[in-house]
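Written below as structure tokens is the structure these notes are about.
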Amino acid sequence: MAKLYFRYGAMGCGKTMQLLQVAFNYEERGMKVCVIKPATDTKNGKKLLTRIGPERDTDLCFDRETNLYDAISKKFKDVACVLVDEAQFLTPKQADELASVTIDLDIPVIAYGLRLNFRQEDGGFEGATRLLQIAQEIEELKTICACGKKATRNCRFLDGELVTEGPDILIDDGKTKIEYRALCPACFEKYKRKAKLNKK
Ligand SMILES: [Zn+2]
């Protein structure tokens with residue numbers, strides 16, 4: 001039976017790059033894949049971009065209302081694999097629909113995404129939480145912090161200062177510099193204390 005995979009990692013660990021590599025491997029062997037991503041990530045339109053260079057058009061963009069099982073069974077029943085980018089933005093229901101794709105259509109699904117949001121302390125991304133609950137194979141894609149240790153925290157910086165409050169998706173207003181950095185727990189604490197001191 002086909003499996004549901006969740007491959008998670010902090011920003012910059014090469015999730016999209018790995019997704020494109022898997023798509024390439026299938027297509028090189030003459031098989032079709034279905035690459036999907038959330039429509040919330042609109043800045044690049046239908047394209048999946050990587051920092052290193054390779055890019056690809058997506059086959060399906062979804063919003064929170066999309067029934068992924070219906071969409072895949074109607075148009076992509078003949079694919080060898082479904083690949084999901086930014087899977088943390090799935091609703092729990094959509095994560096379950098992807099599980100149904102593996103069970104009822106016997107198509108493997110590989111979802112790539114973040115495990116935890118930048119606020120670090122609340123419920124995080126519901127899509128990632130659901131995938132951690134139901135995926136048969138869970139794998140961590142590793143990246144390193146600026147200090148050289150393993151980075152596990154996904155952090156938002158505004159004008160160079162760490163923030164742990166705000167919405168999941170921040171619209172760039174052109175005035176504030178928005179950055180995401182992957183940090184190890186120790187560096188995260190260091191920046192958090194510094195931000196607290198600056199507030200006082
Ligand atoms: Zn560090």
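Just so you know, all these numbers are worked out from the coordinates, no wet-lab data involved. The structure displayed is predicted, hence computed values, not measured ones. Glycine also receives a Cβ, built like all others from the backbone with ideal geometry; neighbour counts cover every protein chain displayed.
General observations
- DSSP finds beta bridges in the chain, and of those with both partners inside it, around 40 percent are antiparallel.
- Take every Cα pair under 8 Å whose residues are at least 6 apart in sequence, average their separation, divide by the length of segment 153-199, and the relative contact order is 48 percent.
- Think of each Lys and Arg Cβ as +1 and each Asp and Glu Cβ as -1; about the Cα centre, that makes the dipole of segment 34-116 roughly 320 debye.
- Exposure proxy for Val109, Val79, Val163: other Cβ atoms within 10 Å of each Cβ, ordered fewest to most, give Val163, Val79, Val109.
- In the elastic network of the chain, a GNM with C-alpha springs shorter than 10 Å, the most mobile of Leu49, Leu131, Leu116 is Leu49.
- Modelled label reach - Met31, point 7 Å along Cα→Cβ, segment 59-92 residues with backbone N closer than 12 Å: 79-83
- With each label modelled as a point 7 angstrom along the Cα→C-beta vector, the Ala39-Asp172 pair spans 2.2 nm.
- In terms of distances greater than 28 angstrom between alpha carbons, the cross-link table entries Lys75/Lys142; Lys142/Lys199; Lys46/Lys77; Lys93/Lys194; Lys149/Lys200 yield Lys75/Lys142; Lys142/Lys199; Lys93/Lys194; Lys149/Lys200.
- The chain: relative contact order as a whole-number percent, Cα under 8 Å and 6+ apart: 26
- Stretchable slack from Glu161 to Ile144, in nm (0.36 nm times residue separation minus alpha-carbon distance): 4.2 nm
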